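Beneath this line is the structure, given in structure tokens, with notes to follow.
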């Protein structure tokens, strides 16, 4: 059979071999499909979006009123904090659970058998997280502005701060989520394994409870993780200078925000590159 | 001419257990090669090493002229893999997932053409979640061939198929083989190996216990035939003689006459018996 095939010259692919498709092209194609998949998985959409929105409405309604001598209302504080939590959820929680599921259902193993560049996969993931996080922030801001008198800053410098906190925060959270996806033993346990530390982190990072009400050792733990710094960055944008008095350091410490978020970005990337597995544990 | 796949002295251990204990294989370009063997015999491990999924412990392996232990994108683009089970991308339509996978390859087939090739044109707009098991398997094969592979691995492709779907699937694979694609197939269905494969290898306890043409494997063509009739049966090297004698005894028609050579399954079961 081989001989006849050789002489007939019908063996495919040896004759046609174009250049390999570029990582950017494949990554964009993946981002488009990832977006479709995300919005068709109703459970994941609810899980990712509804959580911070429901909490904002809930907390905003329960704790009304102004924080003494600052001109900042409690609901404004929550809006800023939940934007931070929402951004982190879109990256860390969404990818941590989503990729654990893809590892179990065979998506990753199948992809590993194709010439798709691994970086295109991560690129697609980061793009979809940026889209989700942006939508999430827009919704939370809309709620904050219409229901809780949140003032959008007018100075360009605040928006510059917003953009870098957002981009650093989203990318860092996304990379952390990719790295954390290797922790759950199965897709079933993923939601618990990933959500538990995230919920704890939200409580100790000043999303729900102001730092001034917390023991120092807890705030010290929170200071290691990116969420506290993201929330601090977002408060500097939306609460204005009056709110700085509420911070533990009596300042928004934007230089440290940049430092810690930047460090997590690099650390997250290193974690991803060194620990990412394309196969599930049962596949060895 | 080098072979599509060349393996010499392949071994692989998992925590002390020798899963693959010295395998030699040669698979020609354009051949359909079936690997048979019981579960846990080292079949999947061998194939996964060839596919570039697993590292080997020792041995020389060449797949399309390259070492699968160090897979490159170029090499991957020449290979198609159909894994055993996948439940991925339930929310994408058949056409969407085909188009996505087509972007990974430098010279991919037209997604709609591939969909037609596997007979899913009418379901192209359906979500993968809504497909039947057999249709999902066709999607798997379609994804395996969209990159126009020279070499296609099929891991137990028809497990759970009804007989009719299995036959249609065989036609599809035969068509690919006819176009010159080299096919490496693992299966539990001996009939499948016999229908599709030019050559088969039987793996048991990490070793190849027999290899060759399915029609002559394990001395099948020259094995004794069993002649049976109402009232008796006999194993013999000369079945024609036996039938003539019987015909004389019954004076014409022999009631319930059957002459059977051992099936590939009989030979296979004998081969994999632990010695």
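The values are calculated or read from the model by the stated rules, or taken from the named source; none is laboratory data. Owing to the predicted nature of the structure, the values given are computational and were not obtained by experimental measurement. Cβ: placed from backbone, ideal geometry, glycine included. Neighbour counts: every protein chain shown.
Just checking, which of B:134, B:144 is under 23 Å from residue B:44 (Cα atoms), out of contact with any helix residue (DSSP H, G or I) (no Cβ under 8 Å at 6 or more places or on another chain) and either within 11 Å of another protein chain (Cβ to nearest Cβ) or at pLDDT below 95 (or both)? I'd like the intermediate steps shown before the answer.
On the way: B:134 fails: out of contact with any helix residue (DSSP H, G or I) (no Cβ under 8 Å at 6 or more places or on another chain).
Answer to the selection: B:144.
Hand me the list of helices (runs of 4 or more DSSP H) wholly inside region A:18-132 holding 2 or more residues that are within 24 Å of residue A:239 (Cβ to Cβ). Even if it seems obvious, please write down each step before you answer.
Working: elements: A:23-40, A:42-45, A:51-62, A:74-88, A:94-104, A:107-112.
By residue number, A:51-62, A:74-88.
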*Sole residue being buried (at least 21 other Cβ atoms within 10 Å of the Cβ), away from every other protein chain (no Cβ under 13 Å), under 30 Å from residue A:27 (Cα atoms) and at pLDDT below 95, chosen from B:118, B:139*: B:118
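Kindly indicate whether residue A:41 is within 11 Å of chain B (Cβ to nearest Cβ) and in contact (Cβ under 8 Å) with a residue 40 or more places away in the chain.
Working: within 11 Å of chain B (Cβ to nearest Cβ): yes; in contact (Cβ under 8 Å) with a residue 40 or more places away in the chain: no.
So residue A:41 fails the test.
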*Which numbered condition residue B:258 fails, given (1) in contact with a strand residue (DSSP E or B) (Cβ under 8 Å, 6 or more places away or on another chain); (2) surrounded by 12 or more Cβ atoms within 10 Å (Cβ to Cβ); (3) closer than 30 Å to residue B:200 by Cα*: (2)
*Please give the number of the condition residue B:60 fails out of (1) assigned to a loop (DSSP other than H, G, I, E, B); (2) surrounded by fewer than 19 Cβ atoms within 10 Å (Cβ to Cβ); (3) in contact (Cβ under 8 Å) with a residue 40 or more places away in the chain.*
(1)
*Qualifying positions in region B:71-86 - facing chain A (nearest Cβ under 7 Å), in a helix (DSSP H, G or I) and under 24 Å from the mean Cα position of the chain (by Cα)*: B:76
*Take region B:34-53 and flag every residue that is more than 11 Å from every other protein chain (Cβ to nearest Cβ) and under 20 Å from residue B:268 (Cα atoms).*
B:34, B:35, B:36, B:37, B:38, B:39, B:40, B:41, B:42, B:43, B:46, B:47
*Looking at B:201, B:193, B:211, which is the one that is more than 14 Å from chain A (Cβ to nearest Cβ), in a helix (DSSP H, G or I) and under 15 Å from the mean Cα position of the chain (by Cα)?*
B:193
*Do we find a residue being under 27 Å from residue A:186 (Cβ atoms), crowded, with 18+ Cβ neighbours inside 10 Å and out of contact with any strand residue (DSSP E or B) (no Cβ under 9 Å at 6 or more places or on another chain) anywhere in region A:206-214?*
no
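Residues are listed down the side, and each one gets a yes or a no for (1) touching a residue at least 24 places away in the same chain (Cβ under 8 Å); (2) in contact with a helix residue (DSSP H, G or I) (Cβ under 7 Å, 6 or more places away or on another chain); (3) in a helix (DSSP H, G or I):
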position: A:175; (1), (2), (3): yes, yes, yes
position: A:245; (1), (2), (3): yes, no, yes
position: A:266; (1), (2), (3): no, no, yes
position: A:272; (1), (2), (3): yes, yes, yes
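Return yes or no: is residue B:107 at the interface with chain A (Cβ under 10 Å from one of its Cβ atoms), in a loop (DSSP other than H, G, I, E, B), closer than 18 Å to residue B:179 by Cα and at pLDDT below 95?
yes
Results for (1) farther than 26 Å from residue B:158 by Cβ; (2) not in a strand (DSSP E or B), shown as yes or no for each residue.
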| residue | (1), (2) |
| --- | --- |
| B:13 | yes, no |
| B:22 | yes, no |
| B:26 | no, no |
| B:35 | no, no |
| B:38 | no, yes |
| B:45 | no, yes |
| B:52 | no, yes |
| B:69 | yes, yes |
*Have a look at B:19, B:89 and point out the one that is within 12 Å of chain A (Cβ to nearest Cβ), surrounded by fewer than 22 Cβ atoms within 10 Å (Cβ to Cβ) and closer than 24 Å to residue A:279 by Cα.*
B:19
